[in-house]
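A quick write-up on the structure given underneath.
The values are calculated or read from the model by the stated rules, or taken from the named source; none is laboratory data. Computed from a prediction, not measured in an experiment: that's the story for all the values here. Positions of Cβ are generated from backbone atoms using ideal geometry, with glycine treated the same way; all protein chains shown enter the neighbour counts.
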């Protein structure tokens with residue numbers, strides 16, 4: 001039996017939308033951080049798994065080079081086979097752990113990404129990860145990490161403790177994970193009729209175990225290491241290696257969105273606590289944090305309109321019809337009302353060309369208040385701002401060589417914007433995952 005649990009039960013990997021370099025660069029730009037040159041750059045992914053995240057990045061971005069490392073040899077072998085199937089020359093996969101990787105890597109990287117790694121390794125490996133990034137991140141580079149966050153993850157951590165305690169460690173990992181899902185299903189059912197709010201919260205968490213892939217359950221709930229951090233604790237660790245937090249990679253998603261007025265409200269009410277950031281996470285029930293780090297400090301103030309005018313915008317908001325000419329609906333069900341005819345016309349134009357973008361200036365000219373509206377919609381996840389150097393769309397989504405193979409690998413496709421699209425019969429009926 002292999003010592004590495006990811007060799008025993010490979011993790012079902014998938015593309016992570018906000019790890020795309022141009023998305024990280026945009027988030028940094030909008031929060032007054034550094035922006036690497038997107039005409040040519042290098043990307044390092046730590047814990048790349050089977051290449052499901054890195055291969056589509058490389059496929060759509062031939063001007064860049066990519067390196068993926070992982071300690072599970074079976075995962076790297078699968079990534080290499082997939083690379084050969086896809087004939088992508090600008091990516092390299094290596095079986096390395098973080099304790100030895102620095103001696104094998106060459107040069108610096110403009111982007112380093114590590115999704116699902118930091119909380120899931122022992123402290124010595126965590127420190128080696130930071131030391132590696134300290135050595136290999138370029139001066140204007142961006143480092144993306146995510147980790148399980150206190151206090152929100154504490155409830156999930158209690159579920160993990162329960163499943164670990166009722167798990168037979170002598171069994172193979174797959175059987176343990178399947179048994180854990182069966183136990184979670186029984187627990188969710190028993191709690192479903194309870195009225196206490198904590199019982200309902202626990203029921204939701206146990207149901208979450210049931211609904212996820214068995215490999216996620218194995219490596220999230222049954223792994224030897226899974227350490228959640230307060231945000232202040234994580235930032236202090238990062239600062240020891242010279243890193244500063246620029247923004248959250250998912251700042252405009254529900255998972256990372258925080259009321260901008262919350263910090264001031266907590267301070268005014270005398271509720272800031274020992275660490276304001278930790279208190280924000282407490283009242284927001286944050287379970288996962290996705291920070292973008294750099295060598296430079298940044299201020300999270302609103303970007304100047306001059307910056308916004310240099311961007312492009314794309315939107316999947318759809319008009320509600322002639323009977324409601326100023327109303328638009330997002331695929332998530334959220335309704336948006338255009339403030340005037342100019343904004344309604346802009347959203348109509350974008351709807352007809354989705355997923356392709358238009359330059360902000362071509363769409364709205366010099367109307368300052370409308371440009372601010374675009375930023376507001378973007379910050380709420382209702383339209384996309386894009387850098388001009390970002391990979392373009394191709395009109396109506398069509399399957400390419402990568403997508404055909406992804407359907408075989410995992411039943412989904414990845415777009416040029418690094419968005420995962422699931423397909424259902426008949427082929428061609430797609431939805432954003």
The one condition in (1) crowded, with 16+ Cβ neighbours inside 10 Å; (2) in contact (Cβ under 8 Å) with a residue 24 or more places away in the chain; (3) more than 20 Å from residue 131 (Cα to Cα) that residue 207 fails to fulfil: (2)
Test set (1) assigned to a helix (DSSP H, G or I); (2) assigned by TED's automatic domain parsing to the domain that holds residue 116 - residue 242 fails condition number: (1)
Qualifying positions in region 88-125 - under 23 Å from residue 61 (Cβ atoms) and in a helix (DSSP H, G or I): 101
Test: residue in region 12-33 that is in the same structural domain as residue 129 (by TED's automatic domain parsing), under 30 Å from residue 218 (Cβ atoms) and touching a helix residue (DSSP H, G or I) at 6+ places or on another chain (Cβ under 6 Å): yes
Residue within region 262-277 that is in contact (Cβ under 8 Å) with a residue 24 or more places away in the chain, assigned to a loop (DSSP other than H, G, I, E, B), surrounded by 12 or more Cβ atoms within 10 Å (Cβ to Cβ) and in contact with a strand residue (DSSP E or B) (Cβ under 8 Å, 6 or more places away or on another chain) present: no
Criterion: outside any strand (DSSP E or B), modelled with pLDDT of 95 or more and farther than 30 Å from residue 246 by Cβ - qualifying residue of 169, 160: 160
Condition check for residue 253: buried (at least 16 other Cβ atoms within 10 Å of the Cβ), touching a residue at least 24 places away in the same chain (Cβ under 8 Å) and either within 30 Å of residue 367 (Cβ to Cβ) or in contact with a helix residue (DSSP H, G or I) (Cβ under 8 Å, 6 or more places away or on another chain) (or both): no
Hits in region 159-182 (condition: within 30 Å of residue 278 (Cβ to Cβ) and either touching a strand residue (DSSP E or B) at 6+ places or on another chain (Cβ under 7 Å) or free of Cβ contacts under 8 Å to residues at least 40 places away in the same chain (or both)): 161, 162, 165
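Considering only residues that are in a loop (DSSP other than H, G, I, E, B), touching a residue at least 24 places away in the same chain (Cβ under 8 Å) and within 17 Å of residue 381 (Cβ to Cβ), which ones fall in region 333-354?
Selection gives 334, 354.
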Residues within region 235-250 that are in contact (Cβ under 8 Å) with a residue 60 or more places away in the chain and more than 18 Å from the chain's Cα centre (by Cα), tallied: 6
Tally, over region 357-372, of residues that are assigned to a loop (DSSP other than H, G, I, E, B), at pLDDT 85 or above and surrounded by fewer than 16 Cβ atoms within 10 Å (Cβ to Cβ): 0
Helices (runs of 4 or more DSSP H) wholly inside region 2-74 containing at least 2 residues that are free of Cβ contacts under 8 Å to residues at least 40 places away in the same chain: 54-60
